[in-house]
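Below you'll find the structure, written out as structure tokens, and then a few comments.
The values are calculated or read from the model by the stated rules, or taken from the named source; none is laboratory data. Note that this is a predicted model, so its numbers are computed, not measured. Please note: Cβ atoms are built from the backbone with ideal geometry, for glycine as well, and neighbour counts cover all protein chains shown.
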């Protein structure tokens with residue numbers, strides 16, 4: 001099983017959001033040294049919680065400053081853009097890091113409806129056209145002609161070359177699973193969005209309806225999971241406080257900068273909110289490295305996935321880096337000894 005990273009460039013309370021982007025660059029180099037297979041970055045807009053708004057630009061910086069780790073988007077929200085433009089961006093990325101680029105695409109806006117319209121006034125219609133956009137994106141990014149009769153069949157995406165990005169379909173619903181299965185593409189379910197609710201059903205649909213393609217002969221599924229590993233249970237609980245409040249506010253429809261553990265401890269919550277937070281904590285992959293790794297292995301065995309991507313938030317960047325270090329050791333990643 002491959003172990004990878006999903007980094008959303010979380011914004012921290014009291015820290016300028018641009019710092020989060022530079023922290024992502026440092027974390028990518030750290031995780032490459034540890035032996036993680038992929039480093040994916042996300043796309044969110046007009047958010048007070050996430051600084052990652054342009055994955056293709058952040059990917060270029062990461063690709064140019066790393067050597068071996070695969071670099072990808074998780075994902076590009078395709079209805080905001082032209083499929084041709086996305087193909088061109090990722091062909092440039094392939095030129096920067098040949099054979100190391102993943103193109104994960106999703107249909108969700110990664111924002112509120114108003115922001116989606118600001119990005120693309122035709123956002124609603126574009127979302128309905130998602131399957132045909134995926135079809136065109138596959139052809140353009142691979143340097144193949146579009147389908148017969150397509151009005152843009154003579155158009156090609158530059159720069160052409162021997163490598164093409166590896167396309168993934170991302171999602172947190174059955175829709176993405178169906179699209180991935182139809183096109184014979186790898187599929188990644190965003191388990192961390194809702195603690196896995198609906199994950200097994202989506203994976204089952206993907207596997208049952210999968211159509212073999214030139215890319216894949218059989219289904220290839222992955223999950224993205226939030227997890228934090230501490231040196232001790234107490235350390236994990238200390239840093240989990242921040243995530244607990246951020247998650248509570250997200251569930252109330254409010255996206256906030258990650259509070260410090262001290263700010264989180266002082267946050268006033270109602271009894272109903274406290275019970276909700278306790279329920280979320282029970283499902284969270286937080287604790288010592290051995291405990292988190294054991295629970296993650298159980299999830300892998302239960303779902304039968306081929307890959308797992310870990311997303312981690314912690315107020316201190318060193319704590320976030322150390323969590324990835326501890327998990328790399330638990331999973332015996334190939335290069336972890338040289339990263340010490």
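Among all residues of region 93-100, there is at least one that is farther than 19 Å from residue 310 by Cα, in contact with a strand residue (DSSP E or B) (Cβ under 7 Å, 6 or more places away or on another chain), in contact (Cβ under 8 Å) with a residue 12 or more places away in the chain and buried (at least 24 other Cβ atoms within 10 Å of the Cβ).
Somewhere in region 186-201, is a residue part of a helix (DSSP H, G or I) and over 16 Å from the mean Cα position of the chain (by Cα)? Checked against the condition, which is being part of a helix (DSSP H, G or I) and over 16 Å from the mean Cα position of the chain (by Cα), region 186-201 yields at least one hit.
Considering region 193-234, the residues that are under 24 Å from residue 5 (Cβ atoms) and without any contact (Cβ under 8 Å) to a residue 40 or more places away in the chain include one that is surrounded by the fewest Cβ atoms within 10 Å (Cβ to Cβ), namely 197. Taking region 89-100 as the range and being in contact with a helix residue (DSSP H, G or I) (Cβ under 8 Å, 6 or more places away or on another chain) and over 21 Å from residue 6 (Cα atoms) as the test, the residues that pass are 91, 92. Name the residue that is farthest from residue 332 (Cα to Cα), counting only residues in region 10-35 that are part of a loop (DSSP other than H, G, I, E, B) and in contact with a helix residue (DSSP H, G or I) (Cβ under 7 Å, 6 or more places away or on another chain). So the residue we want is 13.
Within region 66-87, residues that are over 22 Å from residue 30 (Cβ atoms) reach partners that are at pLDDT below 95 and in a helix (DSSP H, G or I) with beta carbons closer than 6 Å, at six or more positions or on different chains, in the pairs 79/123; 79/126; 79/127; 80/119. Residues that are modelled with pLDDT of 95 or more and closer than 20 Å to residue 166 by Cα do occur in region 46-55, at least one of them. Out of curiosity, is residue 301 free of Cβ contacts under 8 Å to residues at least 24 places away in the same chain, at positive phi and surrounded by fewer than 13 Cβ atoms within 10 Å (Cβ to Cβ)? So residue 301 fails the test.
In region 111-138, of all residues being under 21 Å from residue 216 (Cβ atoms) and touching a residue at least 24 places away in the same chain (Cβ under 8 Å), the one that is surrounded by the most Cβ atoms within 10 Å (Cβ to Cβ) corresponds to 137. Quick check on this structure: which one of 293, 264, 319 is touching a residue at least 12 places away in the same chain (Cβ under 8 Å), in a helix (DSSP H, G or I), within 30 Å of residue 186 (Cα to Cα) and out of contact with any strand residue (DSSP E or B) (no Cβ under 6 Å at 6 or more places or on another chain)? Going through 293, 264, 319 in turn, the sole match is 293.
Only one of the listed residues (264, 328, 309, 289) is closer than 17 Å to residue 32 by Cβ, in contact with a helix residue (DSSP H, G or I) (Cβ under 6 Å, 6 or more places away or on another chain) and crowded, with 16+ Cβ neighbours inside 10 Å. That residue is 328.
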